[in-house]
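The structure appears below as structure tokens.
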Amino acid sequence: MLTKTKGIVLQRTKYADTGLIIKIFTKEHGNVSFFVKNSFSKKSKFSNALFAPLSLLELNFDYRKKSSLQYFKEVTTYYQYSSIPFNLSKNLIFIFYTELISKLLYETSEDEELFTCIEKQLIELDTTEVIRPDIHLIFMYELSRKLGFEPINNYDENNCYFSITNAQFARDFINNEDLLSKEASYYLQQIIIFYQNQENITLPSKNVRNELLQGLIKYYLIHNEHIKSIDSFSILSNIFK
């Protein structure tokens, strides 16, 4: 079936001396793997440079559902990142997004809503002039929601400590790694409300933002089977002052 669709590059793996296997999250078919031969040759129709992680591509190919590898007819970039490669803060966030998305979307079927969400966040990161200090935290919550393992929003004046293991706010605070502080828990609740209603967020201190980042990393490790580690998260701790 001849297919024309958008795609987000998740991973590229060198095959033999000159070939590439490219895993792409497509808008119409979910994850699809492609084989490109002679991709490192100057005469190649599909240059290796096209397939950088999280590249936004327009794909034209003959989709064969039972085949493990597909073959491109045409590939073009439909959005070229203009500021991310030259802005250190954006580039570090982009590296974090790359690891997060590639691991979360290890096996993903067709999901146009998820595709649109990720596409929107990538373009927003590239086009925004002033980076929100919590842009990555909002994105992490949004991804957890789209993938069905979001925190339960039962926050109130009594349940005001977020339990990472139980995925909901708890009544009593016990000083251990499972519970976020009252400040970080309230901040998470604000992010949930912001996502749902676009209400303003009162930005807390950098320490509270970092606590929530570390808490969400643990949350992902516990509640998503495809995430075994997130190695790039530490680079975010020192970006925002």
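A few points about this structure:
- Length available on full extension from ALA16 to ILE222: 0.36 nm per residue minus the Cα-Cα distance, which gives 70.5 nm.
- Zero-based 5 Å bins, Cα pair distances in segment 1-51, whole percents: 5, 22, 27, 22, 16, 7, 0
- Paramagnetic label zone (point 7 Å from Cα along Cα-to-C-beta, ALA49; backbone N under 14 Å) in segment 75-116: 77, 80-81
- Dividing the helix sum by the residues of the chain, where each DSSP H run of 4 or more adds -39500 (n - 2.57), gives a mean residue ellipticity at 222 nm of -11000 deg cm²/dmol.
- Projecting the Cα positions of THR127, TYR219, ASN197 onto the charge dipole of segment 104-241 (unit charges on Cβ atoms of Lys, Arg, Asp and Glu, taken about the Cα centre) puts TYR219 furthest along the positive direction.
- GNM result for the chain, Cα springs below 10 Å: residue of LYS14, LYS27, LYS146 fluctuating most strongly: LYS14
- Charging the Cβ of each Asp and Glu at -1 and of each Lys and Arg at +1, and nothing else, the dipole of segment 105-241 about its Cα centre rounds to 540 debye.
- Surface per residue (accessible, 1.4 Å probe) for the chain, Å²: 53
- DSSP beta bridges in the chain [antiparallel fraction, %, rounded to 5]: 95
- Portion, in percent, of the accessible area of segment 142-232 that falls on carbon or sulfur, probe 1.4 Å: 41
- Between 0 and 90 degrees, the angle of helix 182-197 with respect to the longest Cα principal axis of the chain falls at about 50 degrees.
- Dividing the mean sequence gap of close Cα pairs (under 8 Å, 6+ apart) by how many residues the chain holds gives a relative contact order of 15 percent.
- Across LYS14/LYS206; LYS23/LYS228; LYS45/LYS228; LYS65/LYS228; LYS27/LYS182; LYS6/LYS182, pairs whose alpha-carbon gap is larger than 31 Å: LYS14/LYS206; LYS45/LYS228; LYS27/LYS182; LYS6/LYS182
- Nearest 10 degrees, 0 to 90: helix 88-104 Cα axis against the chain principal axis: 80
- Rg/Rh (Cα only; Kirkwood hydrodynamic radius) as it applies to segment 20-90: 1.00
- Relative to the dominant Cα principal axis of the chain, helix 206-223 is inclined by about 60°.
- Computed label-point distance, nm, for sites ASP231 and LEU2 using a 7 Å Cα→Cβ extension: 4.3
- Amide H contacts for THR77 (H built 1.01 Å from N in the peptide plane; partners 5 or more residues away or on another chain; cut-off under 5 Å): GLU58.
- Calculated FRET efficiency for the pair ARG64/GLU110, C-beta based, R₀ 22 Å, to 0.05: 0.90
- 15 Å reach of a label modelled at ASN197, 7 Å along Cα-to-Cβ, counting backbone N of segment 156-172: 156-157
The values are calculated or read from the model by the stated rules, or taken from the named source; none is laboratory data. Because the structure is a prediction, the values reported are computed rather than measured. All Cβ positions, glycine included, derive from the backbone under ideal geometry; neighbour counts span all protein chains shown. With ligands, DNA and RNA removed, areas are computed over all heavy atoms of the protein, side chains included. Shrake-Rupley method; radii C 1.70, N 1.55, O 1.52, S 1.80 Å.
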